[in-house]
Every structure is written in structure tokens, then in C-alpha cells.
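Engineer: Before I ask anything, here is the structure I am working with.
The values are calculated or read from the model by the stated rules, or taken from the named source; none is laboratory data. In this text, all values refer to a predicted model and were calculated from it rather than measured experimentally. Cβ placement follows ideal geometry from the backbone for every residue including glycine, while neighbour counts extend to all protein chains displayed.
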Amino acid sequence: MSVDLKPKTLKRKNFKKLSLNADASMAPAADAGEPPSQPFTLDKPTLQRAPSAGNLISQMASLELGVEFKIDIRAQDLRTIQELGAGNGGSVSRVEHIPTGAVMAKKVIHIEAKEAVRRQILRELHIMHECDSPYIVSFYGAFINESSGDVVMCMEFMDCGSLDRIYKKAGPLTEEIVGHITVAVVEGLTYLYNEHRIVHRDVKPSNILVNSHGQIKLCDFGVSGELINSIADTFVGTSTYMSPERIQGGNYTVKSDVWSLGISLLELLLGRFPFDVANGAVGPMGILDLLQRIVNEPPPTLPAEDTQFSPVCRRFVDRCLYKEAERPSPEQLINDAFIITSRAKEVDMKAWAMSVQ
């Protein structure tokens, strides 16, 4: 049994682009320049849809820009297709929303909290329905699993996975690819803060996702203060992407996200975590030693002897890792030379995404 949080109707551009397993006669026209979405082909029994489901499928299949839509997420309407990952904090799976055939990513978060706190988390997550940006993973709904008390979130499924997975599989990314990634992340952070006063709080390669169209989107941003506090109370841990001021107990600001972006860019360009010269892991240094390095030592940089990186790329990474007072905000970074040159370069991000899928 579940307690549903019904999303409000959105009256804005349809960035959601739900993948529907609808009949060809009901399929929407493909976006210009993009191939139609390929439904997942699965050996499964015929699904019995509710009498009203046909109307909902027809409505969603004919979505065009500017047309409003509404979809309710309930536990009994989700069918697991594939488990994508699991840990102490929860799990992620690819699911089908049975009434519509839409493919989504379902994230289950294990927390220890009272029922009132869980319901407050749902209310806070509701603002995610207002986040309409091509640089932010779309949010479809959330509910509480009554039997386990877990918070369950359903989001856009990004079929190429995270940049963390991609670079560990394919090696360091080129400056041209990282440039386009940087544009997307900076635009996403700027949108979250300027439009909703949301600070992401957890920028890192595993929270930057890619789909087979070559789109780059942010996920897991800190929209719910109660959820952040509940996770912190349940699972003790410190992010290795945390800025020096945060390690020292300072407030989290949008400039803290910029530091995390800088560390993430170094990791993608070098193919390893930048505070460890041997490999991509923290290694024998240990977390406390690492935090001491972040606070007390000069920030890492791209190797001076490596000539493959342009001066504008080097300067951008350095700016992200300035001390807090001098560090720019995401909005200030939009006019940086690296962002401008990256926008101007024609890079086939779709071909790249397909090559690393």
C-alpha cells in the first residue's frame, strides 16, 4: 500500500518526453532531428489496463510543446524491468508505468524518520514538478511505501547512465566533450538557483546523467531539507567533492556547488579522482587525511606538462576551485571563455553518447 503524492498539472513546455509503449497510430511525431524513441521489447504477458487508461495513453501520446499533462504515480502501477544499482542508502531500478507504458527510473531511499517527517519530505519534493529545464532530470512523482517506510521517487530514465560510470569504462573524456558537459551543468545549476533558490549540494560525476540523444542532465539535487537531514542522520558519511568552507562547517551556498563542479571536471579530464595521483580511488590516504588536504593544501589543477588542455579550460577549472570569496557563482561562469568556446564548437554528443552506452 502506498500514500500517493499527486503532481500538479504543468502548463509549460513538455521537456518530460516520456517514452510510451503506445500503438503506432497513437505515437507522437518525432522531434526534429531526433529518431523516434525505441520501446523496450520484453517477453511479458499482455497487460490489462484500466478502462480510463486508454484515454490517458492517448492524451500523453499526443503531447506537444505547451500541452499540459498530469500523471499519478502509485506503487501498484510500477513494474520492475531491471535493477540498476543498490546500496545501504537505497536502490535504483528501471520500471514501467503500466497505465501508460512510460519507462522511468525508480529511486528508493531508506530513511529512519517519523511519519510526519516522511510526509513533509513528500511535500518538499513536490516542488520538483516545477523544475522544467532541459538540463535537469524530470521528476514524475513520489510516494511513501507504507510497509517499509521508504521514500520512493520516479524520474526520467537516462539510458546511458552517469558520467562516473562512463569515464571509468571509457577512460578520460576529451576537452570538447567535457566542454559541452560543463555548459549543461552550469546552465542547470543557474536554473535551479535563479528560478527556485535551490542549491544542488551534491554535484559529482555520478549525479550527472547522459541519455542516448547526447543530453546531459543533473539529478539528486537538494530540494528537500528534511530528506537531506534524514539521510544525514541515517547514514554517516562525507562527500569527497565537498568544498573547503563546507568541511570547516560553513553554510552551503551556490558557490559550494561550483567547487564540486571543478573537482568533477578534473576527474573527468584526468580519468581519476584529482586528489589521488595513483588511481581514481581515495586509497590509503583515508577520508580524514583527504579532508585535511582539501582544506589546507592548494587546490588541484590540470598538470602543467600536459599540453592537450587549452588555456581557457585550465582557467575555468582554476576559477571553480578558488577560495569561496573569489569563487564565481554558476551565473557568473556562463560568460566564461570556456563556456563561450564550448557552445561554439560543433560536437556530435549523440554519437559520443551512443559510443559509451
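Engineer: Restricting to region 97-129, and then to whatever is in contact with a helix residue (DSSP H, G or I) (Cβ under 9 Å, 6 or more places away or on another chain) and at pLDDT 85 or above, can you tell me which residue is nearest to residue 159 (Cα to Cα)?
Structural biologist: Only one residue fits best here, namely 102.
Engineer: All but one of (1) under 21 Å from residue 204 (Cβ atoms); (2) modelled with pLDDT of 90 or more; (3) small (Gly, Ala, Ser); (4) in contact with an Asp or Glu (Cβ under 7 Å, 6 or more places away or on another chain) hold for residue 310; state the number of the condition that does not hold.
Structural biologist: It fails just one condition, (1).
Engineer: Can I ask one more? Being assigned to a loop (DSSP other than H, G, I, E, B), of a type outside the set (D, E, K, R) and surrounded by 21 or more Cβ atoms within 10 Å (Cβ to Cβ) narrows it down to one residue among 173, 192; which is it?
Structural biologist: 173
Engineer: Looking at (1) among the hydrophobic types (A, V, I, L, M, F, W, C); (2) over 30 Å from residue 213 (Cα atoms); (3) in contact with a Leu (Cβ under 9 Å, 6 or more places away or on another chain), can you tell me which one residue 268 breaks?
Structural biologist: Single failed check for residue 268: (2).
Engineer: Does residue 151 satisfy the criteria of being farther than 13 Å from residue 220 by Cα, in contact with a Pro (Cβ under 8 Å, 6 or more places away or on another chain), of a type outside the set (Ser, Thr, Tyr) and surrounded by 21 or more Cβ atoms within 10 Å (Cβ to Cβ)?
Structural biologist: no
Conditions tested, residue by residue: (1) within 25 Å of residue 206 (Cα to Cα); (2) in a helix (DSSP H, G or I); (3) touching a residue at least 60 places away in the same chain (Cβ under 8 Å); (4) among the hydroxyl-bearing types (Ser, Thr, Tyr).
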| position | (1), (2), (3), (4) |
| --- | --- |
| 73 | no, no, yes, no |
| 76 | no, yes, yes, no |
| 81 | yes, no, no, no |
| 86 | yes, no, no, no |
| 91 | yes, no, no, yes |
| 105 | yes, no, no, no |
| 111 | yes, no, yes, no |
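Engineer: Restricting attention to region 252-280, which residues are in contact with a helix residue (DSSP H, G or I) (Cβ under 7 Å, 6 or more places away or on another chain), of a type in the set (Gly, Ala, Ser) and either modelled with pLDDT of 95 or more or on the phi > 0 side of the Ramachandran plot (or both)?
Structural biologist: Scanning region 252-280 gives 262, 264, 271.
Engineer: Let me ask something else. Scanning for something closer than 16 Å to residue 186 by Cβ, of a type in the set (Ser, Thr, Tyr) and either part of a loop (DSSP other than H, G, I, E, B) or under 26 Å from the mean Cα position of the chain (by Cα) (or both), does region 302-320 turn up at least one residue?
Structural biologist: No; the residues of region 302-320 include none that is closer than 16 Å to residue 186 by Cβ, of a type in the set (Ser, Thr, Tyr) and either part of a loop (DSSP other than H, G, I, E, B) or under 26 Å from the mean Cα position of the chain (by Cα) (or both).
Engineer: Same structure, new question: Out of the residues in region 329-357 that are more than 25 Å from residue 199 (Cβ to Cβ) and among the charged types (D, E, K, R), state the one that is surrounded by the most Cβ atoms within 10 Å (Cβ to Cβ).
Structural biologist: Looking at the filtered set, the residue picked out is 350.
Engineer: Hey, among the residues in region 288-301 that are in a loop (DSSP other than H, G, I, E, B) and under 28 Å from the mean Cα position of the chain (by Cα), which one's surrounded by the fewest Cβ atoms within 10 Å (Cβ to Cβ)?
Structural biologist: Filtering region 288-301 for residues that are in a loop (DSSP other than H, G, I, E, B) and under 28 Å from the mean Cα position of the chain (by Cα), the one surrounded by the fewest Cβ atoms within 10 Å (Cβ to Cβ) comes out as 301.
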